[in-house]
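Q: Submitted below is the structure of interest, expressed as structure tokens.
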Amino acid sequence: MSKISGISRIPRIFKNGIVENNPLFVQALGMCPALAVTTSATNGLGMGVATTSVLVCSNIAISLVARFLPANVRIPCYIVIIATFVTMLEFMLEAYMPALNQALGIFIPLIVVNCIVMGRAEAFANKNGAFLSAFDGLAMGLGFTAALTVMGAVREILGTMSIFGITISETFPQTIAMILPPGAFITLAFLMALINYVRGRTA
């Protein structure tokens with residue numbers, strides 16, 4: 001019965017992670033990588049997938065060991081678990097996707113202190129089983145990935161007239177500022193305003 005109840009929560013978990021409480025556009029978490037690496041849709045997608053993989057793995061691991069952890073060392077233990085998965089991810093990127101690893105740079109190891117990962121560990125994984133925790137990590141990760149990819153796509157299109165490295169137009173004027181730091185703030189502000197407007201209209 002509890003398994004059926006858990007399965008029935010999955011659609012709500014995905015709606016919460018992707019739409020209602022999108023980590024970036026609604027909760028304003030993970031702002032540093034969002035502003036720094038979204039110079040292209042490829043970088044945004046890569047950062048989002050990397051964060052999602054850590055979210056899913058750490059949520060599962062933390063949900064399995066949370067009951068055995070003393071309260072006074074709970075957070076340090078979470079950090080060690082998350083850091084383990086981030087290190088594994090970094091090694092894999094270095095071995096198989098060196099170009100993406102170089103493009104994302106320091107923001108891969110900084111996933112360890114990403115508020116989204118730690119927040120889901122504390123708010124969900126330590127209170128639920130591995131099954132639901134995996135879906136919670138996946139939902140939040142997909143929401144973050146979608147937000148980063150959209151940001152990267154907007155900046156890449158306006159800044160270089162290309163998307164995922166494919167040129168859209170060679171004659172339309174490029175706005176180079178959009179792939180510079182000010183463009184990140186402008187894009188994020190307009191997208192957050194748009195999301196809040198749509199959520200307000202549909203509430």
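Read-outs: derived from the displayed coordinates by stated rules, not from any lab. What you are looking at is a predicted structure, and each value in this text was computed from that prediction instead of being measured. Cβ coordinates were reconstructed from backbone atoms using ideal geometry, including for glycine residues, and neighbour counts include every protein chain displayed.
Q: Give me the compactness ratio for the stretch 42-117, meaning the Cα radius of gyration over 2.2 N^0.38 Å.
A: Relative to the 2.2 N^0.38 Å estimate, the stretch 42-117 comes out at 1.16.
Q: Along each principal axis of its Cα atoms, how long is the chain end to end? Whole angstroms, biggest number first, please.
A: 61, 44, 28
Q: To continue, here is another question. Volume per residue, Å³, of the convex hull around the alpha-carbon atoms of the stretch 18-63?
A: Value for the stretch 18-63: 83 Å³ per residue.
Q: Let me ask another. State whether the stretch 73-114 is rounded, prolate or oblate according to the following rule on the C-alpha gyration tensor (a ≥ b ≥ c being the square roots of its eigenvalues): a/c under 1.5 gives rounded; otherwise a/b larger than b/c gives prolate, and the remaining case gives oblate.
A: Judged from the Cα gyration tensor, the stretch 73-114 comes out oblate (a/c at least 1.5, b/c at or above a/b).
Q: Same structure, new question: With all pairs of different alpha carbon atoms counted, what Kirkwood hydrodynamic radius in Å does the stretch 97-142 show?
A: Computed over Cα pairs of the stretch 97-142, the Kirkwood hydrodynamic radius comes out at 11.9 Å.
Q: Can you give me the relative contact order of the chain as a percent, contacts being Cα pairs under 8 Å and 6 or more apart?
A: 35 percent
Q: Give me the Debye-computed log₁₀ of I(q)/I(0) at q = 0.17, 0.23, 0.24 Å⁻¹ for the stretch 1-99, equal point scatterers on Cα only, no solvent, two decimals.
A: For the stretch 1-99 at q = 0.17, 0.23, 0.24 Å⁻¹, log10 I(q)/I(0) is -1.04, -1.29, -1.29.
Q: Of all chymotrypsin sites (Phe, Trp or Tyr not before Pro) in the stretch 124-203, which ones are in loop regions per DSSP and have a Cβ with at most 15 other Cβ atoms within 10 Å?
A: Qualifying residues, ordered by number: Phe164.
Q: Please compute one quarter of the surface area of the Cα convex hull for the stretch 86-201 and express it in square nanometres.
A: 9.9 nm²
Q: Over 17 Å apart: what share of the alpha carbon pairs of the stretch 141-188 falls there, rounded to a whole percent?
A: Here the long-distance tail beyond 17 Å is 34 percent of all Cα pairs in the stretch 141-188.
Q: Among Asn128, Ala95, Phe144, whose Cα sits farthest toward the positive end of the charge dipole of the stretch 51-203 (+1 at Cβ of Lys/Arg, -1 at Cβ of Asp/Glu, about the Cα centre)?
A: Going by the charge dipole, the pick is Asn128.
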